[in-house]
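Novice: Quick one: this structure, given as structure tokens, is what I'll be asking you about.
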Amino acid sequence: MAHEHITLSRWLIEQERSHGHIPGSLRLLIEQVARACKRISRTVSRAASSGALGSLGSENVQGEVQKQLDVIANDVLLEANEWGGHLAAMASEELETIHAIPHRFPRGEYLLMFDPLDGSSNIEVNITIGTIFSVLRLPDGVATVRAEHFLQPGRQQVAAGYCTYGPQTTLVLTLGHGVAVFTLDLDDSGFVLVKEHLAIPRASREFAINMSNMRHWAPPVRRYIDECLAGRDGPRGVDFNMRWVASMVADVHRVLERGGVFMYPWDAREPDRAGKLRLLYEANPMAFLVEQAGGMALAGHQRILDIEPTGLHQRAAVMLGSSDEIERLGRYHREALGIE
Ligand code: AHM
Ligand code: MG
């Protein structure tokens, strides 16, 4: 693409013109989320010199140790999105219950969910981390917003995206008409378009999974990975490559840019939990982006975006990426269940 300077605002306005049903209030909401991500990006890059690294000694609702930056990023997102008049409520990985918009501000028609700082085990080692977000519409006729109003299947998302804080600060966004990538231009401190209509290659020879959990996986996942590891001499007849950043944002970004498979499957360590990653603000937004880029996203044999949520912080198994590979994984799961 020629280096025409298309800002996030211009891109959003042009989307509104070409797909008339994108309301102005959704554009303003996305701009506000992007502004918050810019602030988080600055805070993250200054964290070592400002003393913002390290843990707080507290735990979040999921029993995970909170880092200082987890809490700062959460506060930035809450504060930036409270007053704009576009939202009815927010939900976050770091908050047990929903955050309703205070009465002193006008109430809007959208619900925003986020993981303020994904991959936070990587904060201290200066490896890419990021913010993941998902936008739903508040169902009609709701007087008092409650957690149950967030429990909508992922296919009802009106927007989703993430921002990575790595070598570059990158915002990846879908409004349901393909996926666009923006980079934070440090000269004028705004997001500018670098790529549109992202397309994940159907075929790939690269997978991402935490191999240290291998002994706990279900048979279909083991079968798939065993076949990849067998390489050229195995049933696939070709060598595979492996990558694992341990930040979902970075691993999924690689998959969106060059194809591959990302998995965090169910495993036997906590058999009652569907997986490690959270459905509403991790699995669903990433599944929406991946599908919009022509890939597939499954939880075992089921499409992630069709899962009917039952809890704000519920977990999901995640397998997403290049469609030939995810289709194969889905088939292995169906075969194991005797569905096909
Ligand atoms: P977080 O939201 O608390 O950072 O946890 C989610 C992260 C994902 O970014 C990543 O894919 C996964 O946890 C890494 O898990 P593991 O430490 O098992 O490799
Ligand atoms: Mg996370």
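Novice: Where the second residue is of a type in the set (S, T, N, Q) and assigned to a helix (DSSP H, G or I) and the first is under 21 Å from ARG137 (Cβ atoms) and lies in segment 10-25, which pairs have Cβ atoms under 9 Å and are six or more apart or on separate chains?
Specialist: ILE22/GLN15
Novice: Just the residues that are part of a helix (DSSP H, G or I) and within 15 Å of ligand 1 (Cβ to nearest atom), please, taken from segment 261-288.
Specialist: Of all residues in segment 261-288, those part of a helix (DSSP H, G or I) come to 279-288.
Within segment 261-288, LEU279, LEU280, TYR281, GLU282, ALA283, ASN284, PRO285, MET286, ALA287 qualify.
Novice: Separate question: Given the structure, is ALA80 away from ligand 1 (no atom under 16 Å from the Cβ) and not in a loop (DSSP other than H, G, I, E, B)? Write out each step before concluding.
Specialist: Details: away from ligand 1 (no atom under 16 Å from the Cβ): yes; not in a loop (DSSP other than H, G, I, E, B): yes.
Criteria met by ALA80.
Novice: Taking segment 175-213, which residues are out of contact with any strand residue (DSSP E or B) (no Cβ under 9 Å at 6 or more places or on another chain) and part of a helix (DSSP H, G or I)?
Specialist: Step one: of segment 175-213, the residues out of contact with any strand residue (DSSP E or B) (no Cβ under 9 Å at 6 or more places or on another chain) are 177-178, 187, 189, 201-203, 212.
The answer is SER212, and nothing else.
Novice: Also: Of everything in segment 222-246, what is more than 14 Å from ligand 1 (Cβ to nearest atom) and either more than 25 Å from GLY338 (Cβ to Cβ) or of a type in the set (A, V, I, L, M) (or both)? Give them in sequence order.
Specialist: Within segment 222-246, ILE225, LEU229, ALA230, GLY231, ARG232, ASP233, GLY237, VAL238, ASP239, PHE240, ASN241 meet the criteria.
Novice: For segment 106-113, does any single residue satisfy the condition of being outside the structural domain of LEU280 (by TED's automatic domain parsing), out of contact with any strand residue (DSSP E or B) (no Cβ under 9 Å at 6 or more places or on another chain) and either at pLDDT below 95 or away from ligand 2 (no atom under 14 Å from the Cβ) (or both)? It would help to see each step written out before you state the result.
Specialist: Of all residues in segment 106-113, those outside the structural domain of LEU280 (by TED's automatic domain parsing) come to 106-113.
Still in the list and also out of contact with any strand residue (DSSP E or B) (no Cβ under 9 Å at 6 or more places or on another chain): 106.
Keeping just the survivors that are either at pLDDT below 95 or away from ligand 2 (no atom under 14 Å from the Cβ) (or both) gives 106.
Scanning segment 106-113 turns up at least one residue that is outside the structural domain of LEU280 (by TED's automatic domain parsing), out of contact with any strand residue (DSSP E or B) (no Cβ under 9 Å at 6 or more places or on another chain) and either at pLDDT below 95 or away from ligand 2 (no atom under 14 Å from the Cβ) (or both).
Novice: While we're on this one: Out of everything in segment 91-105 that is out of contact with any Asp or Glu (no Cβ under 7 Å at 6 or more places or on another chain) and closer than 15 Å to PRO285 by Cα, what residue ends up being farthest from ligand 2 (Cβ to nearest atom)? Walk me through how you get there before you give the answer.
Specialist: Looking only at segment 91-105, we keep the residues that are out of contact with any Asp or Glu (no Cβ under 7 Å at 6 or more places or on another chain), and these are 91-92, 95-100, 103-104.
Adding the requirement that they be closer than 15 Å to PRO285 by Cα leaves 91-92.
Numbers: ALA91: 14, SER92: 11 Å.
Per the stated criteria, the residue is ALA91.
Novice: To continue, here is another question. Within segment 44-71, track down each residue that is among the aliphatic types (A, V, I, L, M), within 16 Å of ligand 1 (Cβ to nearest atom) and surrounded by fewer than 20 Cβ atoms within 10 Å (Cβ to Cβ). Before the answer, list the steps.
Specialist: Going through segment 44-71, the residues among the aliphatic types (A, V, I, L, M) turn out to be 44, 47-48, 52-53, 56, 61, 65, 69, 71.
Now restrict to residues that are within 16 Å of ligand 1 (Cβ to nearest atom): 44, 47, 53, 56, 61, 65, 69, 71.
Correct list: LEU53, LEU56, VAL61, VAL65, VAL71.
Novice: Of the residues ARG236, ARG223, which single one is more than 23 Å from the chain's Cα centre (by Cα), at pLDDT 95 or above and in a loop (DSSP other than H, G, I, E, B)?
Specialist: Only one candidate qualifies: ARG236.
Novice: Next question, about the same structure. Being aromatic (Phe, Trp, Tyr) and either under 30 Å from PRO102 (Cβ atoms) or in the same structural domain as HIS99 (by TED's automatic domain parsing) (or both): is that true of PHE191 here? Don't jump to the end; show me each part of the working.
Specialist: Numbers: aromatic (Phe, Trp, Tyr): yes; either under 30 Å from PRO102 (Cβ atoms) or in the same structural domain as HIS99 (by TED's automatic domain parsing) (or both): yes.
Yes.
Novice: Inside segment 289-338, can you point out the residues that are part of a loop (DSSP other than H, G, I, E, B) and either aromatic (Phe, Trp, Tyr) or surrounded by fewer than 16 Cβ atoms within 10 Å (Cβ to Cβ) (or both)? Steps first, answer last, please.
Specialist: Residues of segment 289-338 that are part of a loop (DSSP other than H, G, I, E, B), as a first pass: 293-295, 300-301, 307-314, 317, 322, 338.
Listed by number, the residues that qualify are GLU308, THR310, GLY311, GLY338.
Novice: Taking strands (runs of 3 or more DSSP E) that fall entirely within segment 103-168, which contain at least 3 residues that are more than 16 Å from ligand 1 (Cβ to nearest atom) and either free of Cβ contacts under 8 Å to residues at least 12 places away in the same chain or of a type outside the set (Val, Ile, Thr) (or both)?
Specialist: Working: elements: 110-118, 129-137, 159-165.
By residue number, 110-118.
Novice: Same structure, new question: Within segment 252-271, identify whether any single residue is buried (at least 22 other Cβ atoms within 10 Å of the Cβ), within 16 Å of ligand 2 (Cβ to nearest atom), small (Gly, Ala, Ser) and not assigned by TED's automatic domain parsing to the domain that holds ILE123, and answer yes or no.
Specialist: no
The values are calculated or read from the model by the stated rules, or taken from the named source; none is laboratory data. Bear in mind that the values here come from a model prediction, so they are computed numbers and not experimental data. Don't worry about glycine lacking a Cβ; one is built from the backbone with ideal geometry, like all the others, and counts go over all protein chains shown.
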